[in-house]
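Here is the structure we will look at.
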Amino acid sequence: MPLNIEKTDTNLYNHSRRGFSSVVRALPCHGRGQELESPNPHQFYVFIKYTWLVYFCYHWLMQKYKTVEEFINDLSDDKRLQVNLLRNLILNTEPHLEEHIKWNAPSYVLNGEDRITFNLMNKQGVVKLILHMGATHKENKKGTPIMQDESRLMEWSSDIRGMITFVSIEDINSNMTALKKVIKDWLSIPSAI
């Protein structure tokens with residue numbers, strides 16, 4: 001059987017993001033319910049190429065932060081100023097918040113549930129605040145947001161998840177009052193809804 005290299009490469013890449021066993025099942029020589037037969041050298045090369053690529057990207061290229069200080073120290077000066085300004089605002093708005101690293105970024109816990117998380121790893125290269133109800137609540141991507149945002153700072157991605165994007169320190173400073181109200185209103189909503 002001729003091997004469609006482009007299709008195989010794309011297929012294996014997509015499966016390699018899901019783990020080793022998924023990659024093995026995606027190999028052209030592997031049928032459903034069959035044991036893996038000896039792949040030809042090219043198939044083996046493609047398999048190794050993508051599993052190594054995924055391993056390399058996740059384990060060596062992406063810094064894994066253990067503390068908020070490590071995260072902050074690794075930022076550029078501009079991003080560090082923005083993040084510190086937002087951190088102070090968040091922590092001063094609700095003194096019961098606990099700050100820790102979750103999803104490789106600073107996250108803020110209220111009553112045992114992550115409620116606000118920074119996102120700096122995005123295509124736009126901007127600072128984003130994700131307001132959410134933690135990882136355990138079901139989202140309705142087409143649902144009505146549970147909070148009214150009169151400031152229109154939030155962009156809703158589901159009924160219980162919204163994001164606020166900042167392009168500069170000036171952007172944060174000019175929206176400080178509205179942002180403080182949005183955060184206060186968000187944290188006043190019980191996470192157990």
Handout entry: Any chance TRP156 is at pLDDT below 95 and among the aromatic types (Phe, Trp, Tyr)
Key = no
Problem - Every residue from the range 133-156 that is within 20 Å of the chain's Cα centre (by Cα) and within 20 Å of GLN82 (Cβ to Cβ) - result: LEU153, MET154, GLU155
Handout entry: Criterion violated by GLY134 - all others in (1) in contact with a Ser or Thr (Cβ under 8 Å, 6 or more places away or on another chain); (2) on the phi < 0 side of the Ramachandran plot satisfied
Key = (2)
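A quick yes/no check of all residues on (1) exposed (fewer than 14 other Cβ atoms within 10 Å of the Cβ); (2) part of a helix (DSSP H, G or I); (3) out of contact with any Pro (no Cβ under 7 Å at 6 or more places or on another chain):
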{"site": "ARG152", "(1), (2), (3)": "yes, no, yes"}
{"site": "GLY162", "(1), (2), (3)": "no, no, no"}
{"site": "LYS180", "(1), (2), (3)": "no, yes, yes"}
{"site": "LYS184", "(1), (2), (3)": "yes, yes, yes"}
Problem - THR117, sole failed condition from (1) under 21 Å from GLU69 (Cβ atoms); (2) hydroxyl-bearing (Ser, Thr, Tyr); (3) touching a helix residue (DSSP H, G or I) at 6+ places or on another chain (Cβ under 7 Å) - result: (3)
Practice task
Considering every residue within the range 111-128, establish whether at least one is over 28 Å from GLN63 (Cβ atoms) and of a type in the set (Asp, Glu).
Solution key: no
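The values are calculated or read from the model by the stated rules, or taken from the named source; none is laboratory data. These numbers come from a predicted model, not from an experiment. Reconstructed Cβ throughout: ideal geometry from the backbone, glycine too, with neighbour counts over all protein chains shown.
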